[in-house]
Amino acid sequence: MIKPHTDVPVAESADLQSQPATQLRGVGPRAAQRLANLGIETVQDLLFHLPMRYQDRTRVVPMGSLRPGDEAVIEGAVDLAEIKFGRKRMLLVRISDGTGALTLRFFHFNANQQAGFARGVRLRCYGEVRPGAVTLEMIHPEYRRVEAGAIEEVEEHLTPIYPSTEGMHQLTLRALTDQALERLAQAGDAGLHDWLPPELLKQFKLSSIAAAIRYVHRPPPEASVESLEAGRHPAQQRLVFEELLAHHLSLRQLRYAAKAQRAPVLTGAGALHNTFLASLPFALTAAQRRVVAEIEADLCRDHPMLRLVQGDVGSGKTVVAALAALQAIEAGAQVAVMAPTELLAEQHYRNFQSWLAPLGIEVAWLSGKIKGKAREAALGALASGAAPIAIGTHALFQEDVRFARLGLVIVDEQHRFGVHQRLALRDKGKQGELRPHQLTMTATPIPRTLAMTLYADLDASIIDELPPGRTPVQTVVIPDNRRPEIVERVRQACAQGRQAYWVCTLIEESETLQCQAAADSAAQLAEALPELRVGLVHGRLKPREKEAVMAAFKARELDLLVATTVIEVGVDVPNASLMIIENAERLGLAQLHQLRGRVGRGATQSSCVLLYHGPLSEQARARLGVLRDTTDGFEIARRDLELRGPGEVLGTRQTGLLSLRIADLLRDQDQLPAVERAAERLLTEYPDHAPPLIRRWLGDAGRYGEV
Ligand code: ADP
Ligand code: MG
């Protein structure tokens, strides 16, 4: 665990991290509250409140050289001001500067304003240039009157635009950062401590933090707005490095803190392990064996395991989880297995029950839908310790759920939980001094560099091999006006004794509409294919009905299963060799990959038809192309990240997984290996520097590390 810093090598007075923002001119109680809303409490916080974009007000641009889309300062004399009565009353002011002319358009104006635009009056304006009917235009520009012949100043720096909050004007933020920068100038580099010591700065070729901060707040006129807005300027990249480092350190700290805690030692003779393996109709792959060995070694330690298992769809993560559970159970501990959705939890429940019941192990089931007596019974069995293992949704971690001796928590994350959820789980499972071991499984293969940052609080294992006997699925992308051909294909596949899935998607959030669409499709297909037995499954069916349909499909009593995306998880029918996905363009790559993973589970050549409703956007075309070209989950994840960015792919926006000020995980991933090395060195040689560095970038959020 990292100690709080004691030897801050900076004089208290000069150090901007110890100066409250209320010391600045113009910060009364109201402004202080607004700053606090932005996470700003100290002068240092203000300096780390970074611009999100820039305006160039450093020069007056000749009107003749303006292009639509530019944001520019212009200056010229009024030629004409007139009120137009169209659908809306508006004031048009034509100005010119000898190189060209431009129209200012106002929808809101008063008589005074109008009178101010007398012919010949000189105006300086700032605004976005738009195409207009006669000349280029600016709509509601900022403007002020200037005296002819007077020397008017322009800004000395590019103008920063800050993220703001209600009631906090850009001008105020600019005035406050001006003061903060002044203080920084007075204090010199002592004002903003480089928590990276000189030899690290040198090793990683980094400039001083103070210089980078000064630059991004007030870039000189020659700075390229383009490079700044792309976030690629060296000064920004210097800050990116430190921000990524702060996040990395914070996750590491979390992990150290967690590792310093005690966990029950879960060793056994391996009797259950062996009996279970002998009961399986297959042998583990080498990758599964390796990962199981890693987990089993972790469980024998008296510190909590924090392990992430990454494995592609169908790589066999469930068996690995079961083996971990058996070791814990043999050692006398209880196990909780949590999945993000009811359906996935149900599937795990069925799997675990079929595997563990023969070994004499009772499996408890807990989901949001379990109520009344059944729920009480399950809760009782967990509290008394009678049930050694419970499977469920997040309902497993509600207040009233108590375990007698929880030793292992398994989370099938399915890319739906983030770091905060993981933390909550760790806290929830605590039993006196002891914390349970934790195993997280994810089906979203994340490129190594990203995983290092996103999961720096976990040890990682990768199942990088699929069970043998699988044939890669052939994928085609076809417009939905060729639907009759595809229906024919279903007929042929089923005539040969194969089975098929037909997946319906709808863009509407409404589950009812989705189910309706699937029901309609099922009816149409049944009519077009009278010789086939067609089943229907969707999220509105009762669990028992759903189960009955699935069981019938599995038992080959149905040829064609029409479904909503509920079958993304939890279906395993090796004889099914054809999948049609309607409106495939509406789904994300990961989801399509998951769906497709339902076929190709046997030795027969399987196919997946991605039906799209044209015309396709360029991005949609590229996405479907990725799926056609590869079945490798890692490659798909990499391309998905490229096409959509980590925020969307990993759901970081919703989960608050990482909220970054200046770094962009995808753009800046090249920095990650160096960041990791810097973290390593800082922690071994300057452990005291980590907490203030984390606090600088993460503020209070960084304190989640102090568990
Ligand atoms: P996922 O990693 O996507 O969760 P599952 O655990 O659901 O994958 O496994 C997919 C299918 O592969 C299941 O039917 C499972 O029983 C089977 N399976 C797992 N491991 C092996 C193996 N080593 N050999 C053959 N089949 C396996
Ligand atoms: Mg799974």
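Data overview
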| item | result |
| --- | --- |
| Boolean, Arg94 is buried (at least 16 other Cβ atoms within 10 Å of the Cβ), touching a Phe, Trp or Tyr at 6+ places or on another chain (Cβ under 9 Å) and either within 28 Å of Gln236 (Cα to Cα) or at pLDDT 95 or above (or both) | no |
| Options Leu254, Leu266, Leu272, Leu299: the member that is under 26 Å from the mean Cα position of the chain (by Cα), more than 16 Å from ligand 1 (Cβ to nearest atom) and either within 24 Å of Ile329 (Cβ to Cβ) or surrounded by 21 or more Cβ atoms within 10 Å (Cβ to Cβ) (or both) | Leu254 |
| Residue satisfying all of: in the range 555-582; modelled with pLDDT of 90 or more and not hydrophobic (A, V, I, L, M, F, W, C); nearest to Pro530 (Cα to Cα) among these | Asp559 |
| Qualifying residue in the range 365-376 (condition: modelled with pLDDT of 90 or more and outside any helix (DSSP H, G or I)) | yes |
| Check on Ile410, within 16 Å of ligand 1 (Cβ to nearest atom), at pLDDT below 80 and touching a Leu at 6+ places or on another chain (Cβ under 7 Å) | no |
| Residue in the range 337-360 that is away from ligand 2 (no atom under 16 Å from the Cβ) and in a strand (DSSP E or B) present | no |
| Single residue of the range 441-461 satisfying the filter (within 12 Å of ligand 1 (Cβ to nearest atom) and not hydroxyl-bearing (Ser, Thr, Tyr)) that is modelled with the highest pLDDT | Met441 |
| For Leu284: the one exception among (1) more than 9 Å from ligand 1 (Cβ to nearest atom); (2) among the aliphatic types (A, V, I, L, M); (3) closer than 16 Å to Ile462 by Cβ; (4) free of Cβ contacts under 8 Å to residues at least 60 places away in the same chain | (1) |
| Which listed residue is among the polar types (S, T, N, Q) and either at pLDDT 85 or above or within 16 Å of ligand 2 (Cβ to nearest atom) (or both), from Gln421, Gln438, Gln398 | Gln438 |
| Which listed residue is at pLDDT below 95 and out of contact with any helix residue (DSSP H, G or I) (no Cβ under 8 Å at 6 or more places or on another chain), from Ala257, Ala263 | Ala263 |
| Complete set of residues in the range 375-384 that are surrounded by 13 or more Cβ atoms within 10 Å (Cβ to Cβ) and free of Cβ contacts under 8 Å to residues at least 40 places away in the same chain | Arg375, Ala377, Ala378, Leu379, Gly380, Ala381, Ala383 |
| Considering residues of the range 606-633 that are in contact with a strand residue (DSSP E or B) (Cβ under 7 Å, 6 or more places away or on another chain) and not in a helix (DSSP H, G or I) only, the residue surrounded by the fewest Cβ atoms within 10 Å (Cβ to Cβ) | Gly614 |
| Odd one out for Ala387, checked against (1) away from ligand 1 (no atom under 16 Å from the Cβ); (2) surrounded by fewer than 17 Cβ atoms within 10 Å (Cβ to Cβ); (3) assigned to a loop (DSSP other than H, G, I, E, B) | (2) |
| Complete set of residues in the range 62-94 that are free of Cβ contacts under 8 Å to residues at least 40 places away in the same chain and closer than 15 Å to Arg130 by Cβ | Met90, Leu92, Val93 |
| Criterion (hydrophobic (A, V, I, L, M, F, W, C) and within 16 Å of ligand 2 (Cβ to nearest atom)) met by exactly one of Leu513, Leu458, Leu466 | Leu466 |
| Filtered residues of the range 549-573 (kept if farther than 20 Å from Gln516 by Cα and either basic (Lys, Arg) or more than 16 Å from ligand 2 (Cβ to nearest atom) (or both)) | Ala551, Ala552, Phe553, Lys554, Ala555, Arg556, Glu557, Leu558, Asp559 |
| Out of Gln310, Gln237, Gln261, sole residue that is within 30 Å of Ala678 (Cα to Cα) and within 16 Å of ligand 1 (Cβ to nearest atom) | Gln310 |
| In the range 313-333, the residues that are at positive phi and more than 9 Å from ligand 1 (Cβ to nearest atom) | Gly332 |
| Count - residues of the range 589-620 that are among the aliphatic types (A, V, I, L, M) and without any contact (Cβ under 8 Å) to a residue 40 or more places away in the chain | 3 |
| Filter result (out of contact with any Asp or Glu (no Cβ under 6 Å at 6 or more places or on another chain) and of a type in the set (D, E, K, R)) within the range 248-291 | Arg252, Lys259, Arg289, Arg290 |
| Residue match in the range 334-355 (condition: away from ligand 1 (no atom under 16 Å from the Cβ), over 24 Å from Val599 (Cα atoms) and surrounded by fewer than 22 Cβ atoms within 10 Å (Cβ to Cβ)) | no |
| Residues that are under 29 Å from Ser227 (Cα atoms) and either modelled with pLDDT of 95 or more or part of a loop (DSSP other than H, G, I, E, B) (or both), drawn from the range 8-41 | Leu38, Gly39, Ile40 |
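Listed here are the residues, each with its yes/no results for (1) within 35 Å of the chain's Cα centre (by Cα); (2) among the small types (Gly, Ala, Ser).
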site	(1), (2)
His157	yes, no
Pro160	yes, no
Gly167	yes, yes
Leu173	yes, no
Ala187	no, yes
Gly191	yes, yes
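The values are calculated or read from the model by the stated rules, or taken from the named source; none is laboratory data. The model shown is predicted, which means the values in this text are computed figures rather than measured ones. Using ideal geometry, Cβ is built from the backbone for each residue, glycine included, and neighbour counts are taken over all protein chains shown.
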